[in-house]
2 protein chains.
Amino acid sequence: MRGGDIQPAPTGHSIPRRVGVVGLGLIGGSFARAYRAHGWDVLAWDTDADTLDAARVETVSGVLDQASITSCDLIVLAAYPAACIAWLEDHAGLLGKISREGAGPLVIDTAGIKRQVCERAFALAEQHGFAFLGTHPMAGTEHSGFAHARADLFVGAPLVLVPPALGDIERLQLLDRAYMLLEPAGFGSVSVTTPEEHDAVIAFTSQLAHVVSNAYVKSPTARVHHGFSAGSYRDLTRVAHLNAPMWAELMCANGENLSREITCLIDALDAYREALDAGDRDRLRMLLADGDRIKRSLDDDNRH
Amino acid sequence: MRGGDIQPAPTGHSIPRRVGVVGLGLIGGSFARAYRAHGWDVLAWDTDADTLDAARVETVSGVLDQASITSCDLIVLAAYPAACIAWLEDHAGLLGKISREGAGPLVIDTAGIKRQVCERAFALAEQHGFAFLGTHPMAGTEHSGFAHARADLFVGAPLVLVPPALGDIERLQLLDRAYMLLEPAGFGSVSVTTPEEHDAVIAFTSQLAHVVSNAYVKSPTARVHHGFSAGSYRDLTRVAHLNAPMWAELMCANGENLSREITCLIDALDAYREALDAGDRDRLRMLLADGDRIKRSLDDDNRH
């Protein structure tokens, strides 16, 4: 392994902090770039050697491995869910050992679903005695991979935190530590929730949006729409372009919630279709006015 | 009526041209503001006296009526489809008379569906002998009404033109005249098509987008999504906020096309749901990859 070429964190007026990033895709790469831009030392690990090499040109100063984990203040798991769990299982013993010595990092995952990763991670953290917090940075683009990672990807974005079941004081301490350590990412707002609520809501706000966008372009009419589309079409289909293996993993791990949301949308769409087929303009107007009213009330809620 | 206070178009180095706008909503109001900003004299008519008064403060110099129609170079019908047809029926005789005298305006409609308006308008234009062209400016916002009208609403936007069946030379002359007269709006690109093709494609690119967005927010989960939503949710639900009476009229006049597109989307969504319910991650990945591939190929087509 290439762990040997890591230098000790340089010292000076202030000691730069060190973050370890597992998985240099869009999310992990953006964490790496954001922390690097804030003067942190960034270590990383990725299954793809070329990606790791590319990241080492400007962003990453060394490989995150058994030896270097000890020196990290924060470890960000940004691989696919199953790979994050596998990494944690491999390193839980070591993380527990350094934590007992009083120097362990805070470990967070950043997966788009929280039950699958958090259930296992909470159990490992409790068993081995290290600090773990589930997170979901609500940011992304329709592009994936380190090449699209940006230091400002999370600036102003909402962050969802999913802490383990703890006493009030331990919980506050854990969240305070997270706020401090996550400061370089620049999130705009923070919510705290449970894995169950997170997955139920995310099925609607994110996973359903990707399914609908991806399904939308499958109409045969899509092939002849040249020059006939305005902003509504562009917005509806923006996230049709997606990382299929990643989303398939996230969606299958949240299958029940997402299936329920798809059913809900199909039922709603069916009502408009029935009104159209019956030529019932009053009914259609009421259906549209109802959606308009809901949308305005949601927008009002989000402003307050 | 208030037509009496219209002044003759001022003269000088160049004679300002004059446009008449029927219906001062978002679209008509934006035409009025764009032409005014380009030095044209703008006349208008609206069923709502308050709107007309508001528009006369800065944009509209007089009321478009029987007397003032004669002096217009261009008349833009921007009311709801049925109201546009009613206006044309009321004024077809006069338009024919001034056209025979060699001074008639080009009349365009701007409705979001083209068969209903164009069929009647083409017949009236042929019968009475005036120049009519169907248009659909592919621009808008989720807000409606004159208050949201903007002089730059159409700048860079696609414009769809729907000419009547004419000989090649007459058709070219009509389109050339339209290009010249529409120049102040600043459209970015122009397509020419038939009413039938327009309505089939618009059911997919615009009407379906509005139905899906409007249906999306009807999930009970929408009420608890506070702080959990990123760009994909915002984009999917942007046009949920809409003018229900207007869209109900446009959609019902294009019911067969739109119903077919809704069916197509429901069938596509059902395939993802089946894969989720079966826990079939490979199948789900293939469905997602297929949408991704189609989206990328559509984006490539639109770049060339």
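Counting partner chain Cβ atoms within 10 Å of every residue's Cβ in A:192-204, what's the average?
Details: counts 1, 4, 0, 0, 0, 2, 1, 0, 4, 8, 6, 2, 11.
Mean shielding by partner chains, rounded to a whole number: 3.
For A:K295, the lysines whose Cα falls under 23 Å of its own Cα, not counting residues fewer than eight places away in the same chain, are B:K218.
Around the Cα centre of the protein assembly as shown, unit charges on the Cβ atoms of Lys, Arg, Asp and Glu (plus for the first two, minus for the last two) sum to a dipole of about 780 debye. Across all directions, the average flat footprint of the convex hull enclosing the Cα atoms of region A:199-303 is 8.5 nm². With the cut-off at under 11 Å, measuring from each backbone N in region A:86-112 to a point 7 Å along the Cα-to-Cβ line of A:A67 picks out no residue.
Summarising the amide proton neighbourhood of B:A131: residues at separation of 5 or more, or on other chains, whose placed amide H is nearer than 5 Å comprise B:V107. Size estimate for region A:77-185 follows the Kirkwood approach: the inverse of mean 1/r over distinct Cα pairs works out to 14.7 Å.
Across the identical copies, the label point of A:G93 (7 Å from Cα in the Cβ direction) is separated from its matches by 9.8 nm, in order from shortest.
Rounded to the nearest 5, the antiparallel percentage of DSSP beta bridges internal to the protein assembly as shown is 15%. The C-alpha atoms of chain B define a longest principal axis, and helix B:281-303 lies at about 30 degrees to it.
Could you state the angle between the C-alpha long axis of helix B:26-37 and the longest principal axis of the C-alpha atoms of chain B, as a value from 0 to 90 degrees rounded to the nearest 10? The answer is roughly 50 degrees. Across all C-alpha atoms in region A:3-193, the radius of gyration and Dmax reach 15.3, 44 Å. 3J(HN,Hα) couplings calculated from phi for region B:199-210 with the Karplus curve 6.51 cos²θ - 1.76 cosθ + 1.60 (θ = phi - 60°) are, in sequence order, 5, 5, 6, 5, 4, 7, 6, 10, 5, 4, 4, 5 Hz; Gly and Pro show x. Note on chain B: antiparallel DSSP beta bridges, both residues inside, total approximately 15 percent of the bridges counted. Diffusion of region B:20-101 by Stokes-Einstein, at 20 °C in a medium of 1.002 mPa s and with Rh set to the Kirkwood radius over alpha-carbon pairs, works out to 168 µm²/s. For A:D282 and B:K97, a Förster radius of 56 Å and the Cβ-Cβ distance give a FRET efficiency of 0.90, rounded to the nearest 0.05.
Annotation: average projected area of region A:126-179 is 5.2 square nanometres, based on the convex hull of Cα atoms across all directions. Fewest neighbouring Cβ atoms within 10 Å first, the residues A:R223, A:R260 line up as A:R223, A:R260.
Across all Cα pairs in the protein assembly as shown, the calculated P(r) in 10 Å bins from zero up to the longest distance comes to 3, 15, 22, 19, 15, 12, 8, 4, 1, 0 percent per bin. Distance between the 7 Å Cα→Cβ label points at B:A37 and A:T141: 2.9 nm. Projecting the Cα atoms of B:W87, A:Y216, B:N257 onto the charge dipole of the protein assembly as shown, computed from C-beta unit charges around the Cα centre, puts B:W87 farthest toward the positive end.
Quick note: the coordinates plus some simple rules give every number you see, no bench work behind them. On a predicted model such as this, the values are computed, not experimentally measured, just so you know. Quick reminder, even Gly has a Cβ in these numbers, built from the backbone with ideal geometry, and neighbours come from all protein chains shown.
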